[in-house]
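Reading through the C-alpha coordinates given below for one structure.
The values are calculated or read from the model by the stated rules, or taken from the named source; none is laboratory data. This structure is a prediction, so every number in the text was calculated from the model and none was measured. The protein model used for the area step is the full one, side chains on, heavy atoms only, and it has no ligands, DNA or RNA in it. Shrake-Rupley method; radii C 1.70, N 1.55, O 1.52, S 1.80 Å.
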Amino acid sequence: MTTESQNEKKYPTHTVYFLTDKPGIDKKDWNKAGAAWIHVDNDGMHVSLNILGQQIPLVIRKYKPKD
(Lines give C-alpha, C1' and ligand atoms only; values in the text may rest on other atoms or scores of the structure.)
Protein backbone atom coordinates (compact mmCIF):
# COMPACT_ATOMS: atom_id res chain seq x y z
CA MET A 1 0.00 0.00 0.00
CA THR A 2 1.29 3.48 -0.79
CA THR A 3 0.92 6.51 1.40
CA GLU A 4 0.11 9.95 0.05
CA SER A 5 0.96 13.31 1.54
CA GLN A 6 -2.00 15.33 2.80
CA ASN A 7 -0.61 18.35 0.90
CA GLU A 8 -0.36 16.51 -2.43
CA LYS A 9 -2.75 17.85 -5.11
CA LYS A 10 -5.26 15.19 -6.14
CA TYR A 11 -6.51 15.53 -9.69
CA PRO A 12 -9.81 13.99 -10.84
CA THR A 13 -9.62 10.45 -12.17
CA HIS A 14 -12.90 10.71 -14.11
CA THR A 15 -14.99 13.35 -15.86
CA VAL A 16 -18.79 13.34 -15.43
CA TYR A 17 -21.04 14.10 -18.42
CA PHE A 18 -24.76 14.25 -19.10
CA LEU A 19 -26.08 13.51 -22.58
CA THR A 20 -28.62 15.54 -24.55
CA ASP A 21 -30.27 14.84 -27.89
CA LYS A 22 -29.04 16.64 -30.99
CA PRO A 23 -31.95 17.78 -33.16
CA GLY A 24 -32.31 15.76 -36.34
CA ILE A 25 -29.54 13.20 -35.72
CA ASP A 26 -29.07 10.11 -33.57
CA LYS A 27 -25.85 11.30 -31.89
CA LYS A 28 -25.92 12.89 -28.45
CA ASP A 29 -24.14 15.99 -27.15
CA TRP A 30 -21.80 15.22 -24.25
CA ASN A 31 -22.03 18.05 -21.70
CA LYS A 32 -19.46 18.23 -18.92
CA ALA A 33 -21.17 18.19 -15.52
CA GLY A 34 -18.32 17.62 -13.07
CA ALA A 35 -15.44 15.42 -11.96
CA ALA A 36 -14.80 12.35 -9.83
CA TRP A 37 -11.95 11.00 -7.73
CA ILE A 38 -11.45 7.30 -6.90
CA HIS A 39 -11.16 6.56 -3.15
CA VAL A 40 -7.84 5.25 -1.88
CA ASP A 41 -9.50 1.90 -1.05
CA ASN A 42 -10.88 1.60 -4.64
CA ASP A 43 -14.36 0.86 -3.23
CA GLY A 44 -15.91 4.16 -4.25
CA MET A 45 -15.44 7.70 -5.43
CA HIS A 46 -16.14 11.32 -4.60
CA VAL A 47 -18.15 13.10 -7.29
CA SER A 48 -18.49 16.86 -7.66
CA LEU A 49 -21.29 17.99 -9.97
CA ASN A 50 -21.90 21.52 -11.20
CA ILE A 51 -25.49 21.63 -12.47
CA LEU A 52 -27.48 24.82 -13.00
CA GLY A 53 -24.85 26.76 -11.04
CA GLN A 54 -25.11 24.47 -8.00
CA GLN A 55 -22.14 22.51 -6.61
CA ILE A 56 -23.43 19.06 -5.64
CA PRO A 57 -21.00 16.75 -3.82
CA LEU A 58 -21.72 13.00 -3.93
CA VAL A 59 -20.05 9.91 -2.50
CA ILE A 60 -20.47 6.61 -4.35
CA ARG A 61 -19.57 3.31 -2.68
CA LYS A 62 -19.57 -0.29 -3.92
CA TYR A 63 -22.58 -2.24 -2.70
CA LYS A 64 -21.67 -4.70 0.05
CA PRO A 65 -24.55 -6.89 1.22
CA LYS A 66 -24.87 -7.30 4.99
CA ASP A 67 -24.56 -10.81 6.34
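One residue stands out among those in the stretch 43-67 that are part of a loop (DSSP other than H, G, I, E, B) and open to solvent by 100 Å² or more (accessible area, probe 1.4 Å): the one that is nearest to Lys10 (Cα to Cα), which is Lys62. Gly24 falls short of the stated requirement of being at positive phi, at pLDDT 90 or above and outside any loop (DSSP other than H, G, I, E, B).
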